[in-house]
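The values are calculated or read from the model by the stated rules, or taken from the named source; none is laboratory data. Because the structure is a prediction, the values reported are computed rather than measured. Counting neighbours? That spans all protein chains shown, and the Cβs are built from the backbone with ideal geometry, glycine included. Remember, those area values only see protein heavy atoms, side chains included, never the ligands or the DNA or RNA. Shrake-Rupley method; radii C 1.70, N 1.55, O 1.52, S 1.80 Å.
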Amino acid sequence: MIEQHYGELQLPLALHCHLEKLFSCYTIPDQATRLVINYRALDYYQTKQGIQPVEIQLKKSGDKWLAVFIASFSFINTHHKSVDVELYFHLINHWCYQPDAGGRCDLLHPAVIDLFHTWVTAFLRHIQYQQFDDISLTVLR
């Protein structure tokens, strides 16, 4: 149901299994073409500390769903009222964006692939320990 391979990049098996399991909990309309999954630890919005929100956007391609991007968000500083992109992995177009590291770079660069896998490992640990209060799947269109 969810594509695991994105050219030279592959979704880690544990993340792929998590997404497949999550999908099985929802009834997704046949006409849906775009979905977004949001992970939130609600304390983060009040304290500006702790587990940062994550968004995964998917699009339908034939009978499979492609993970378009995975992004995490944070407050730029304690005075900001809203979160902004902290780390953005665009799986389909193979680029990564990290504002404080100079912007956009090639996702297929070995150091960036390592960053991606390290980030996914930490993200899955947050899921495993049920540190997100709210996990939701929304049909965008």
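Some notes on this structure:
- Phe89 being more than 15 Å from Thr138 (Cβ to Cβ) and not aliphatic (A, V, I, L, M): yes
- Pair list, Cβ under 7 Å, 6 or more apart: region 90-108 residue under 17 Å from Gly7 (Cβ atoms) and modelled with pLDDT of 95 or more, other residue crowded, with 16+ Cβ neighbours inside 10 Å and among the small types (Gly, Ala, Ser): Leu91/Ala67
- Of the residues making up region 26-49, those that are assigned to a loop (DSSP other than H, G, I, E, B), of a type outside the set (Ser, Thr, Tyr) and free of Cβ contacts under 8 Å to residues at least 60 places away in the same chain are Asp30, Gln31, Lys48, Gln49.
- Consider region 99-121 and keep the residues that are in contact with a helix residue (DSSP H, G or I) (Cβ under 8 Å, 6 or more places away or on another chain) and not in a helix (DSSP H, G or I). The one that is least open to solvent (accessible area, probe 1.4 Å) is Leu107.
- Selection count, region 11-25, where residues are in a loop (DSSP other than H, G, I, E, B) and under 14 Å from Ala67 (Cβ atoms): 2
- Extreme residue, surrounded by the fewest Cβ atoms within 10 Å (Cβ to Cβ), among residues of region 26-53 that are of a type in the set (Ser, Thr, Tyr) and more than 18 Å from Val68 (Cα to Cα): Thr27
- Each residue in region 60-93 was checked for being open to solvent by 70 Å² or more (accessible area, probe 1.4 Å) and part of a strand (DSSP E or B), and 3 pass.
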